[in-house]
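In what follows, a structure is listed as structure tokens, so that the remarks can point back to it.
Each reported figure results from applying straightforward, stated rules to the coordinates on display, with no laboratory input. Since this is a predicted model, take the numbers as computed values, not measurements. Please note: Cβ atoms are built from the backbone with ideal geometry, for glycine as well, and neighbour counts cover all protein chains shown.
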Amino acid sequence: MKTHYDVGIAGYGVYLPLYRLPTTEIARVWKGGGAGPNKEKAVASIDEDSSTMAVEAARRAMDMAEVSRLGAIFVGTESKPYAVKPTSTIVAQALGQHFVLASDMEFACKAATEAIQVIRGLVGSGMIQNGLAIGVDTAQGRPGDDLEFTTGSGAAAYVLSRSSPETLATVEAGVSYVTDTGDFWRRQNEKYPRHLSRFTGEPAYFHHVETSVKQLFEAYGLKASDFTYAVFHQPNPRFPVEVAHRLGFKAEQIKTGLLNPMIGNTYSASSPMGLAAVLDEAKPGDRVMIASFGSGAGSDAFALRVTDAIEKKRKKAVKVADLISKNTKIDYATYAKFRGKFTK
Amino acid sequence: MSISYWRLKDRYYRLIGVSCEDCKSEFFPPVHVCRRCGSRKLVDRDMPRTGKIVTYTELRETLAGFEDQEPMLLCIVQLENGVKVLGQIVDTTVENLSIGDKVKAVFRKIQEHGSSGQIFYGYKFVKA
Ligand SMILES: [Zn+2]
């Protein structure tokens, strides 16, 4: 998928809540000891939800982008505070942006890259000047479920604009791939999602991510070694490492964007936050590949090229590494209170 | 919090106050008449989002509807333009607060009406 006009990133912003739950705490309560695959997960506080984290990430992205008007705001999330009532209008109000197309995108963990694709189209066609795509989740895991180890909270936001000397990376290409796959779902009115655990690997994550990345390579004549960095969706620490290996990427290409071991799976924000960690350190001319995965299922893959503007722009960045290292540990009881796991 | 809240969203969401066009004084919450010079020429103004703690207190018992957030920390913050604002301070404990600490405004849930009612958002402060 190419656009009429070149589209680039004018600003990005990440939000991580302060609190971390060590997975040893989850294992202590539910498994009699041990730890999860990731060391800790980021936990939203009692007064945070997808709207508040989306606003915080969006404000940071807008600060960096320095654009006054947005033509579209799309929030990709599967943890909407309201089943009916958009999160995107709350973000629009908080940013003082009212003449915008605002909508919530839903596609499990790939809702944000979906938002990026759509905004790319709107900017790339000349219909709007700037658009904001946000990935945010207060990932829900049923207490005691294996998912609970990895389900983290966080947000990442991107302002996309027509490519100019002010855009810090150009989106060179993007592809999308979907099939009807029943790996993970949440029915209307259910609090927690369900999954077929043995089904989440090969037929879901690996099949879709490998197919979208191979399609990106084939359609645009690219190969793994063309990229300085690669970022994959991170449902756990193992899948992105394995899929990178299968696609011919080396460990050093994925190291910077691999955040799951420290914060868990931030769902919609997962691969976009990995991309932000890469942009925090990338050099002009570097090529970056990002591939998301959303259950249900599908994957969006993009090729980006970092521009000279990165050095100036990221002076305004609140660095992902700093957000990860500034944290307060909590125990399982505090986590249960914060995330409403007690039923009163 | 009900109808009046929805009308005042920009005040709660964005810290929008007013600035006097005659004497340049700034006010939050907004006023209709300048408290310094009496002028009625007041325009909306984004308040600075950073400031410092003037005073603070810990509430172990709060109003109905805020029990889940106990113990609640309240503070008066002097924003960078000198305007003083009352608000909650979160992501910290009373032991970690001192007068003069630098803070910044964040967007948080203020209150929600159970699991089926509306959610009310607004500014709170965190240590900068
Ligand atoms: Zn005046």
Cβ density ranking, 10 Å radius, fewest first, applied to B:VAL126, A:VAL75, A:VAL84 yields A:VAL84, B:VAL126, A:VAL75
Shape call for the protein assembly as shown, from the Cα gyration tensor axes a ≥ b ≥ c (a/c under 1.5 means rounded, otherwise prolate when a/b beats b/c, else oblate), comes out oblate
Taking the dipole of segment B:2-127 about the Cα centre (Lys, Arg +1; Asp, Glu -1; charges at Cβ), the one of B:LEU79, B:ILE89, B:VAL33 that reaches farthest to the positive side is B:VAL33
Set A:LYS80/B:LYS109; A:LYS329/B:LYS52; A:LYS80/A:LYS316; A:LYS313/B:LYS9, cut-off 23 Å on Cα-Cα distance; pairs above it are A:LYS329/B:LYS52; A:LYS80/A:LYS316; A:LYS313/B:LYS9
For B:61-74, A:116-129, ranked highest to lowest by mean beta-carbon neighbours within 10 Å, the order is A:116-129, B:61-74
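Checking the a/c ratio against 1.5 first, then a/b against b/c, what shape does the Cα gyration tensor give for segment A:15-148?
Numbers: a/c = 2.55, a/b = 2.33, b/c = 1.10.
Note, shape of segment A:15-148 comes out prolate.
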Farthest towards the positive end of the dipole of chain A, among A:LEU160, A:VAL84, A:HIS98 and with Cβ unit charges of +1 on Lys and Arg and -1 on Asp and Glu, lies the Cα of A:VAL84
Percent antiparallel among DSSP beta bridges confined to chain A, nearest 5, equals 70 percent
Pseudo-spin-label distance A:LYS326 to A:VAL29, built 7 Å along Cα→Cβ, given in nm, is 2.7 nm
Over its alpha-carbon atoms, segment A:169-311 yields an Rg and a Dmax in Å of 15.0, 48
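Determine the calculated [θ] at 222 nm for chain A from helices alone, applying -39500 (n - 2.57) to every DSSP H run no shorter than 4 residues and normalising by the residue count; nearest 500 deg cm²/dmol.
Helix-only estimate at 222 nm: -8500 deg cm²/dmol.
If R₀ is 35 angstrom, what is the calculated FRET efficiency for the pair B:THR57 and B:GLU21, using the beta carbon separation as r and rounding to 0.05?
0.45
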Hydrodynamic radius by Kirkwood for segment B:2-127, inverse mean 1/r across distinct Cα pairs, in Å, is 15.6 Å
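Within a 10 angstrom radius of each residue's Cβ in A:44-55, how many Cβ atoms of other chains show up on average? Whole number is fine.
Whole-number average of other-chain Cβ neighbours for A:44-55 is 5.
Per-residue counts of other Cβ atoms within 10 Å, averaged by peptide: what ranking do you get for B:36-44, A:226-234, highest first?
On the way: B:36-44: 12.4, A:226-234: 24.8.
Ranking the peptides B:36-44, A:226-234 by packing returns A:226-234, B:36-44.
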Checking rank on A:56-66, A:311-321, A:164-174, with mean other Cβ inside 10 Å and highest first, the result is A:56-66, A:164-174, A:311-321
